[in-house]
Each structure stands twice: as structure tokens, then as C-alpha cells.
Amino acid sequence: MGIEQQPDWQKVVEFHGHVCPGLAIGYRLAKAALMALGYENPEDGDLVTIAESDRCTIDPFQIVLGCTMGKGKLHMNVTGKQAFTVGCRKKGLAVRVVQLPHEYSAESDALTKKVMSGKASDVEYRMFKKERENRIQEILTMPDAALLKVETVASVLPEKETIYNSPCCAYCGEQVMEPWTRLRDGKISCIQCAVTANR
Ligand SMILES: [Zn+2]
Ligand SMILES: [Zn+2]
């Protein structure tokens, strides 16, 4: 079965809303991390992801590994690299997966810029789409060793999600979790109300 028929790839595409090279890379990285940690089913692992990128590549980590923002299993440490550390609390293991350098040709770069600026002709746009499709295919079928590296890292996992008290802001009456409260004239304030007072 090709990757495109895999149910988890289909779920990723549905969640992300389009197919793009970044999504394909994220998918391969997430799967490589899962394999390196020795799991077939991500739910067995109680996994946590620390993402160094907030672009398309991040979504497969939410869907394939179940490391969603809302569950407190996705932490951001943006460095501008296509790199993700995935930790497993159960095994006390963590791996960092990184995309290996890839450069598009100068022509292909110029074409992308033209399309992004909205000045491409129909022919150029079709060429761009074809190139992109080829690149996505390439990413989905390339061997791991040509696409990415996996390194074992000392397990530095964020703490389990903490439950906070949520007092009401004395100014707008809305509830706010304690770490985000401020003091304004000696009273508990939310960030918005505290900022307004400083203007
Ligand atoms: Zn995308
Ligand atoms: Zn307020």
C-alpha cells in the first residue's frame, strides 16, 4: 500500500486542508520518530512533541502522534528548523528528527516566487503545480536516510499539564488562569486590562 492510501496520511491531509511538501515532510518525520521510539500505535506511548517549526510540518505531529496543543502535548520552541523532538514519558526516551538539507533549483525557486506574487501565467502556474506534485511524491517515497536524520537526545520532557486556579479579573470580570494574571493597582487583572491601564 502506498503512503497516499494510508488512513493516517489521509487524516493529516483532511486536517491540514491541502497537500503540500511541508506536510509530506512532517508526516515522514513524525513516522520516523514513532519508529525510533519503538511504537506502532502512538497511543501506547504517551508522547510529547517539542516543535522547532510552526509551519505545515507541525500538523502531522498532532494527527499521527496525537500530540495536540489542546492536550498539552505540543510545545513550541521555534528555531526556524524543520526539527521536532518527540519524547515518550513511559520509556523515558526522546528522539529529535530533522529534515536533511534540500535546495530547490534556481528556476524552480524563481517560479515559486512568481506564483506567490500572483504574476504567473496559466502555463507557469501549471508547471508550478506539476513540480510541486513531483516533489511531494519524491518526499513520500524517498528512503528515510536520504530525507531525514534521527538523533537520540537526553530526555528533557515538559512537565505534565498543571491545573491552575482561575480567579476573575477585577476590571472586566473574565476568568483568567493564575500564571497569566497581573496586578493593577493592587487588584488581580487579566493581561488585556493591565495593558490598557499602562497606555
Ligand atoms: Zn501546507
Ligand atoms: Zn480584565
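The values are calculated or read from the model by the stated rules, or taken from the named source; none is laboratory data. Just so it is clear, the model here is predicted, and its values are computed rather than measured. No Cβ is skipped: glycine too gets one built from the backbone with ideal geometry, and neighbour counts run over all protein chains shown.
When you check Thr57 against the structure, is it β-branched (Val, Ile, Thr), under 17 Å from Ala33 (Cβ atoms) and modelled with pLDDT of 90 or more, yes or no? It is true that Thr57 is β-branched (Val, Ile, Thr), under 17 Å from Ala33 (Cβ atoms) and modelled with pLDDT of 90 or more.
Being closer than 26 Å to Tyr164 by Cα, buried (at least 17 other Cβ atoms within 10 Å of the Cβ) and either within 16 Å of ligand 2 (Cβ to nearest atom) or in the same structural domain as Met142 (by TED's automatic domain parsing) (or both) narrows it down to one of Lys73, Lys90, so name that one.
Details: Lys90 fails: buried (at least 17 other Cβ atoms within 10 Å of the Cβ).
Lys73 is the lone residue from the list that is closer than 26 Å to Tyr164 by Cα, buried (at least 17 other Cβ atoms within 10 Å of the Cβ) and either within 16 Å of ligand 2 (Cβ to nearest atom) or in the same structural domain as Met142 (by TED's automatic domain parsing) (or both).
Looking across the range 45-98 at every residue that is in a helix (DSSP H, G or I) and of a type in the set (A, V, I, L, M, F, W, C), the one that is farthest from the chain's Cα centre (by Cα) is identified as Ile63.
So for the range 120-138 (the condition being part of a loop (DSSP other than H, G, I, E, B), closer than 30 Å to His18 by Cα and at pLDDT below 95), does at least one residue qualify?
First pass over the range 120-138, keeping only residues part of a loop (DSSP other than H, G, I, E, B): 120-121.
From the residues that got through so far, the ones that are closer than 30 Å to His18 by Cα too are 120-121.
Okay, now just the ones that are also at pLDDT below 95, so 120-121.
For the range 120-138, residues part of a loop (DSSP other than H, G, I, E, B), closer than 30 Å to His18 by Cα and at pLDDT below 95: present.
Within the range 122-131, identify whether any single residue is free of Cβ contacts under 8 Å to residues at least 60 places away in the same chain and aliphatic (A, V, I, L, M), and answer yes or no.
Yes, there is a match, as at least one residue in the range 122-131 is free of Cβ contacts under 8 Å to residues at least 60 places away in the same chain and aliphatic (A, V, I, L, M).
Looking at Ala145, is it assigned to a helix (DSSP H, G or I) and either within 16 Å of ligand 1 (Cβ to nearest atom) or at pLDDT below 90 (or both)? So Ala145 does not fit the description; no.
Results for (1) more than 28 Å from Glu133 (Cβ to Cβ); (2) out of contact with any Pro (no Cβ under 9 Å at 6 or more places or on another chain); (3) within 16 Å of ligand 1 (Cβ to nearest atom); (4) hydrophobic (A, V, I, L, M, F, W, C), shown as yes or no for each residue.
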residue	(1), (2), (3), (4)
Gly17	no, yes, yes, no
Tyr27	no, no, yes, no
Leu37	yes, yes, no, yes
Asp44	yes, yes, no, no
Ser53	no, yes, yes, no
Ile58	no, yes, yes, yes
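Looking across the range 15-37 at every residue that is farther than 20 Å from Leu47 by Cα and in contact with a Leu (Cβ under 9 Å, 6 or more places away or on another chain), the one that is nearest to ligand 2 (Cβ to nearest atom) is identified as His16. Entry remark, the range 168-181: residues being near ligand 2 (Cβ under 9 Å from one of its atoms), surrounded by fewer than 17 Cβ atoms within 10 Å (Cβ to Cβ) and not aliphatic (A, V, I, L, M) number 4 in total. Say whether the condition of being of a type outside the set (Phe, Trp, Tyr) and either loosely packed, with under 13 Cβ neighbours inside 10 Å or within 16 Å of ligand 2 (Cβ to nearest atom) (or both) is met by at least one residue in the range 58-68. So far as the range 58-68 goes, no, none of its residues is of a type outside the set (Phe, Trp, Tyr) and either loosely packed, with under 13 Cβ neighbours inside 10 Å or within 16 Å of ligand 2 (Cβ to nearest atom) (or both).
Looking only at the range 133-140, decide whether some residue is of a type in the set (Lys, Arg), within 16 Å of ligand 1 (Cβ to nearest atom) and in the same structural domain as Ala36 (by TED's automatic domain parsing). Walk me through it before giving the result.
Taking the range 133-140 as the starting set, the residues that turn out to be of a type in the set (Lys, Arg) are 135.
If we keep only those that are within 16 Å of ligand 1 (Cβ to nearest atom) too, we end up with 135.
Retained after the next criterion (residues that are in the same structural domain as Ala36 (by TED's automatic domain parsing)): 135.
Yes; the residues of the range 133-140 include at least one that is of a type in the set (Lys, Arg), within 16 Å of ligand 1 (Cβ to nearest atom) and in the same structural domain as Ala36 (by TED's automatic domain parsing).
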